[in-house]
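Report on one structure; see the data block that follows.
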């Protein structure tokens, strides 16, 4: 049986590749998914990748990941990173480790991005490496 890593993506990440490429790059979410699938296969892992612009979907998926026995969750909560007590509480309510992922470095951006409710509950954060942040986070799950 293959260990599964849930990769959960929040609002506006469906627009990667066209949204502010000077900040987020030109790689699409589908490109990231393909890279993760390839790397996961090399690591003997499975990927369950999802995206939603709705906070409640992300909360439900965190619960689902825990109920299904997922190895880990990679979570790029987008703007909800900085606003969502609900995501914070969902992460705290499950035993599955969560790694917060960001394409850019939030601390090098606007001050409102410096506070992370997700990061306060997550096991770790990987940020600032563009699309490679996801691959680095996936590789880190092998050390959990």
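The values are calculated or read from the model by the stated rules, or taken from the named source; none is laboratory data. Keep in mind it's a predicted model, so treat the numbers as computed, not measured. Methodologically, a virtual Cβ is constructed for each residue, glycine included, from the backbone with ideal geometry; neighbour enumeration extends over all protein chains shown.
Could you tell me which residue of the stretch 1-29 is farthest from the chain's Cα centre (by Cα), considering only residues that are surrounded by fewer than 12 Cβ atoms within 10 Å (Cβ to Cβ) and assigned to a helix (DSSP H, G or I)?
22
Among the residues of the stretch 102-120, which ones are under 15 Å from residue 10 (Cβ atoms) and free of Cβ contacts under 8 Å to residues at least 40 places away in the same chain? So that I can check it myself, show each step before the final result.
To start, the set of residues in the stretch 102-120 that are under 15 Å from residue 10 (Cβ atoms) comprises 102-104, 106, 113, 116-119.
Residues satisfying the conditions are 102, 106, 113, 116, 117, 119.
Exactly one condition in (1) within 23 Å of residue 105 (Cα to Cα); (2) at pLDDT 95 or above is false for residue 26; which is it?
Looking at each condition in turn, residue 26 falls short on (2).
Keeping to the stretch 110-127, report how many residues are farther than 21 Å from residue 55 by Cβ and either at pLDDT below 95 or surrounded by fewer than 14 Cβ atoms within 10 Å (Cβ to Cβ) (or both).
Qualifying residue count, the stretch 110-127: 1.
Among the numbered criteria (1) in a helix (DSSP H, G or I); (2) more than 17 Å from residue 91 (Cβ to Cβ); (3) at pLDDT 95 or above, which single criterion is violated by residue 47?
Condition (1) is where residue 47 drops out.
Listed residues 41, 34, 86, 79; which is within 13 Å of the chain's Cα centre (by Cα), part of a helix (DSSP H, G or I) and either modelled with pLDDT under 95 or surrounded by fewer than 17 Cβ atoms within 10 Å (Cβ to Cβ) (or both)?
Numbers: 41 fails: within 13 Å of the chain's Cα centre (by Cα); 34 fails: within 13 Å of the chain's Cα centre (by Cα); 86 fails: within 13 Å of the chain's Cα centre (by Cα).
Unique residue meeting the criteria: 79.
Looking at (1) in contact (Cβ under 8 Å) with a residue 40 or more places away in the chain; (2) farther than 21 Å from residue 127 by Cβ; (3) touching a helix residue (DSSP H, G or I) at 6+ places or on another chain (Cβ under 7 Å), can you tell me which one residue 4 breaks?
Residue 4 satisfies every listed condition except (3).
Which condition number in (1) modelled with pLDDT of 95 or more; (2) closer than 18 Å to residue 125 by Cα; (3) crowded, with 16+ Cβ neighbours inside 10 Å is the one that residue 70 fails?
Only one criterion is unmet by residue 70, namely (2).
For residue 91, only one of the following conditions fails: (1) within 15 Å of residue 134 (Cα to Cα); (2) under 13 Å from the mean Cα position of the chain (by Cα); (3) modelled with pLDDT of 95 or more. What is its number?
Here residue 91 meets the rest and fails (1).
Residue-wise test of (1) in contact with a helix residue (DSSP H, G or I) (Cβ under 9 Å, 6 or more places away or on another chain); (2) within 18 Å of residue 39 (Cβ to Cβ); (3) touching a residue at least 12 places away in the same chain (Cβ under 8 Å); (4) not in a loop (DSSP other than H, G, I, E, B).
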| site | (1), (2), (3), (4) |
| --- | --- |
| 75 | yes, yes, yes, yes |
| 94 | yes, no, yes, no |
| 130 | yes, yes, yes, no |
| 141 | yes, yes, yes, yes |
